[in-house]
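The values are calculated or read from the model by the stated rules, or taken from the named source; none is laboratory data. These numbers were taken from a predicted model, which means no experiment stands behind them. Virtual Cβ from ideal backbone geometry, glycine too; neighbours counted across all protein chains shown.
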Ligand code: KG4
Ligand code: ZN
């Protein structure tokens, strides 16, 4: 990245079901990175329960922040500022992180910046956790951002100039995984287990629809979810393990083909060379492999952050915040949450 080093920034993330804190510099260097996952709290409900998420954040946030400070071996006076996710996400969950960040900012006299969670995902490719980390992409780049709450294709010109080229019109890709997993009684979150089963399945077993196949960079995944539900209603839940693997592989083939096809089309249309995958779904094995092949064929350079940088974390929030602080962005104690924040806002 071109923006200069600067000091250590503490980032706090509480938009959904991870309570996270991390300390990062504007050059992407990660000094500490702590993620407390609430998955066990929500697993029995097959999805995130907003009220339970907020309560779990209340309990976890102070220990998680303390752990990030201890891991970094830094004191409050060593910090240059604070960054916190201000949206999008669950209102009650976001409020916990924002209140804690404001309290620390007030008590320690540290500059505060509210961060768009989506900017965090899009910039996570610049996080550096070790000397061997490959250099990030050149800007502008095209990014596929696919997670449990959002699915979009963006062009990142600069950290503060991000243009959304297309987005889902209904369900997010990760949401489709989670709903299909729930339908097949595979537990929550669905992505990792469906991905694992699909690795040994025959994706030609069932041909599920590919929605919005034209030139549009928008997505739709709710029809695919319904197609899987109809399949299960007609044929019943597969009785054999292989049947389950084949069904997961067939579903995954539809999602991945759509995500990869539109991402490559976007990169060509925008005339950029670098392509980035980010968000929790970027952990998907088949997505990573097929994106690699498609980018190679199209003469594009693919960048995929390590899984810890793809799924929700506070290091990406600290980095986006450190870059904003370096540009002179500041928020005061009137900072509020925006649960419906969109890319580029
Ligand atoms: O980015 P993330 O941690 O949280 C949000 O901001 O939503 O993404 C979580 C989503 C979940 O829907 C989860 O099922 C999905 O990412 N996911 C995956 C995989 N690992 C996580 N989806 C497909 N394949 C995976 N391996
Ligand atoms: Zn996320």
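Run residue 328 past the list (1) assigned to a loop (DSSP other than H, G, I, E, B); (2) away from ligand 1 (no atom under 15 Å from the Cβ); (3) within 25 Å of residue 34 (Cβ to Cβ) and report the number of the one that doesn't hold.
Residue 328 satisfies every listed condition except (3).
Out of all the residues in the range 69-86, which are closer than 12 Å to residue 22 by Cα, part of a helix (DSSP H, G or I) and touching a helix residue (DSSP H, G or I) at 6+ places or on another chain (Cβ under 9 Å)?
69, 72
Please return the ranges of helices (runs of 4 or more DSSP H) entirely within the range 87-206 where 2 or more residues are within 25 Å of residue 273 (Cβ to Cβ) and within 13 Å of ligand 1 (Cβ to nearest atom).
Values: elements: 91-108, 117-123, 173-183, 190-198.
Of the helices (runs of 4 or more DSSP H) lying wholly inside the range 87-206, those with at least 2 residues that are within 25 Å of residue 273 (Cβ to Cβ) and within 13 Å of ligand 1 (Cβ to nearest atom) span 117-123.
Hey, residue 269 hits all of (1) closer than 18 Å to residue 218 by Cα; (2) within 14 Å of ligand 1 (Cβ to nearest atom) but one; which does it fall short on?
(2)
Take the conditions at pLDDT below 95 and either within 16 Å of ligand 2 (Cβ to nearest atom) or more than 17 Å from residue 255 (Cα to Cα) (or both) and apply them to residue 307. Does it pass?
Working: at pLDDT below 95: yes; either within 16 Å of ligand 2 (Cβ to nearest atom) or more than 17 Å from residue 255 (Cα to Cα) (or both): yes.
Yes: the conditions hold for residue 307.
Can you pull out every residue in the range 1-46 that is assigned to a loop (DSSP other than H, G, I, E, B) and away from ligand 2 (no atom under 15 Å from the Cβ)?
Of all residues in the range 1-46, those assigned to a loop (DSSP other than H, G, I, E, B) come to 1-7, 14-17, 25-28, 38, 46.
Those that are assigned to a loop (DSSP other than H, G, I, E, B) and away from ligand 2 (no atom under 15 Å from the Cβ): 1, 2, 3, 4, 5, 6, 7, 25, 26, 27, 28, 46.
Considering the range 257-271 alone, what residues qualify as being in contact (Cβ under 8 Å) with a residue 12 or more places away in the chain, surrounded by fewer than 24 Cβ atoms within 10 Å (Cβ to Cβ) and either under 17 Å from the mean Cα position of the chain (by Cα) or more than 16 Å from residue 152 (Cβ to Cβ) (or both)?
257, 260, 268
Of the residues 187, 243, only one is more than 27 Å from residue 142 (Cβ to Cβ), surrounded by 14 or more Cβ atoms within 10 Å (Cβ to Cβ) and at pLDDT below 95; which?
On the way: 243 fails: at pLDDT below 95.
Only one candidate qualifies: 187.
Restricting the first residue to the range 272-293 and requiring it to be within 19 Å of residue 203 (Cβ to Cβ) and in a helix (DSSP H, G or I), which pairs with a second residue that is away from ligand 1 (no atom under 13 Å from the Cβ) and modelled with pLDDT of 95 or more meet a Cβ separation below 6 Å and a spacing of at least six or different chains?
290/260; 291/260; 291/302; 292/302
For the list (1) more than 16 Å from ligand 2 (Cβ to nearest atom); (2) in a helix (DSSP H, G or I); (3) closer than 22 Å to residue 145 by Cβ, I need the number of the one condition that residue 214 fails.
(2)
Check 341, 259 and return the single one that is within 16 Å of ligand 1 (Cβ to nearest atom), within 18 Å of residue 149 (Cα to Cα), assigned to a loop (DSSP other than H, G, I, E, B) and at pLDDT 95 or above.
On the way: 259 fails: assigned to a loop (DSSP other than H, G, I, E, B).
One residue alone meets the criteria, 341.
Any idea which of 322, 282 is within 16 Å of ligand 2 (Cβ to nearest atom) and either loosely packed, with under 15 Cβ neighbours inside 10 Å or within 19 Å of the chain's Cα centre (by Cα) (or both)? It would help to see each step written out before you state the result.
On the way: 322 fails: within 16 Å of ligand 2 (Cβ to nearest atom).
On inspection, the qualifying residue turns out to be 282.
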